[in-house]
Amino acid sequence: MTRDNELLIDETTINVQAGDGGNGIVAFRREKFSPRGGPYGGNGGNGGNVILRVDRGLNTLLPFKYKIHFKAGRGGHGGSKNKQGRTGEDVIVPVPMGTLVYLRDTEELVADLVADGQEAIVARGGRGGRGNAAFKSSINQAPRLAERGEPGEERWLRLELKLIADVGIVGVPNAGKSTLLSVVSRAKPKIADYPFTTLAPNLGVVVVDHKDFVMADIPGLIEGAHTGSGLGHRFLRHIERTRMVIHLLNGLSPDPLGDFEAINSELELFNPALADKPQIVVFNKMDLPDAQVRWPEVRGALIALGVQEPLAISAITGENVQALLHRVIGALDELPKPTPVAAQPVVFRPEMDEDYFDIEQVGDHWRVTGVRIERAAAMTNWDYYEAEMRFQRILEAMGISQALEDAGVEDGEVVVIGNTELVWGEQ
């Protein structure tokens, strides 16, 4: 039997593309009693956004194994009689609570989504292009130009999941973590008798005496996990957000004390703050004779190491499990309450100088790059002479025309701005 690693999804990459804005149009009022009605072309609608929204019903990024491209709707084109185009449809992408969002190429943090229903606009729709009615002025009563819609933002994102749980269960592989979680909650992790049986963290809600908390079963750690050994290193990050830890020892391990010290060392090496989290140390598998025989010796050794009140349980039979849960509830009550996080929306706006531009000669053509000038080129409707003249004025106002001439551009050479090719000097 082979095991699919598809459950091992707590990090993935997705592509998001917002909708383009709709085009504005050139139109004029033509009515019986308004022979000089003037410009009447409406603006295009804004493109739709791509929005990540927290869904507390999710605890894995597995859905993104099957779909990684998300595209919002484009805005509708403007209409005659100054009609505004419709707004493009947003795309809502559900993500688990605790999802960190990074730009794939720069590793810049975009959002940390930690509250149910929290949203992050990760790609904004393009602005609708203006119709000719918007360009009317005292010196141009009948403008014959309109803008194309602004292209929507498009980017690759890296998603990383850090589960949000009150309690994390850690231990070596096959210590019984998944079994304990399944017994105390409605979680249904896959359980089998082989190392690394758990391929993904599992969450469960535990209810004790009308109080509840969230418990996470963290896949088994081995020595060297912080450097990438085994499977457990993939999940060390999930322990960072827990308030406390249940350290589960395998009652049948050849060296449970060695396991205990090795796991604690891995936690501290991964993140020193993990060493300060409160721990309840639990010796499991007391339903088996060998574990029963070893428990007194292990208990004494743990106390000698400074562990307060180690507990022996059997996750299979339920022995002392309720006592463990009451211990957890008591410990959580003594810890500082987590600060409530409001589901504030996040709008990602990269910090950049929109007026900055760069000029370089590439082969037999020149390339001009820059946020504002590339946007202007994309939104210029080259079918209208007035639009071309307006773009020429933008080049001059931004200093690009002079910069190109200083760089040595000559008449007849091609200048590329975004996806637009221009022949320099042609009228």
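The values are calculated or read from the model by the stated rules, or taken from the named source; none is laboratory data. Since the structure is predicted, the reported quantities are computational estimates derived from the model, not experimental observations. All Cβ positions, even for glycine, are placed from backbone atoms using ideal geometry, and neighbour counts span all protein chains on display.
Would you check if there is a residue in the range 139-151 being charged (D, E, K, R) and under 28 Å from E108 (Cα atoms)?
Pass one, the range 139-151, residues charged (D, E, K, R): 144, 147-148, 150.
Right, trim to under 28 Å from E108 (Cα atoms) and you get 150.
For the range 139-151, residues charged (D, E, K, R) and under 28 Å from E108 (Cα atoms): present.
Out of all the residues in the range 378-388, is one or more under 30 Å from E108 (Cα atoms) and surrounded by 13 or more Cβ atoms within 10 Å (Cβ to Cβ)?
We begin by selecting, within the range 378-388, every residue under 30 Å from E108 (Cα atoms); these are 378-379.
Next cut, surrounded by 13 or more Cβ atoms within 10 Å (Cβ to Cβ) only: 378-379.
For the range 378-388, residues under 30 Å from E108 (Cα atoms) and surrounded by 13 or more Cβ atoms within 10 Å (Cβ to Cβ): present.
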Q | Residues being more than 23 Å from A331 (Cβ to Cβ) and of a type in the set (A, V, I, L, M, F, W, C) - total across the range 290-312 | A | 2
Q.
Can you go through A216, A175, A225, A192 and tell me which one is farther than 30 Å from E374 by Cα, buried (at least 19 other Cβ atoms within 10 Å of the Cβ) and at pLDDT below 65?
A. A225
Q. A291 versus (1) modelled with pLDDT under 85; (2) of a type in the set (A, V, I, L, M, F, W, C); (3) out of contact with any helix residue (DSSP H, G or I) (no Cβ under 7 Å at 6 or more places or on another chain): which is the lone unmet condition?
A. (1)
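Got a number for residues in the range 255-271 being of a type in the set (D, E, K, R) and surrounded by fewer than 17 Cβ atoms within 10 Å (Cβ to Cβ)?
Step one: list which residues in the range 255-271 are of a type in the set (D, E, K, R), which gives 255, 259, 261, 266, 268.
Imposing the further condition that a residue be surrounded by fewer than 17 Cβ atoms within 10 Å (Cβ to Cβ) reduces the set to 255, 261, 268.
Count: 3.
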**Q.** Residues being closer than 28 Å to I51 by Cα and surrounded by fewer than 23 Cβ atoms within 10 Å (Cβ to Cβ) - total across the range 131-152
**A.** 1
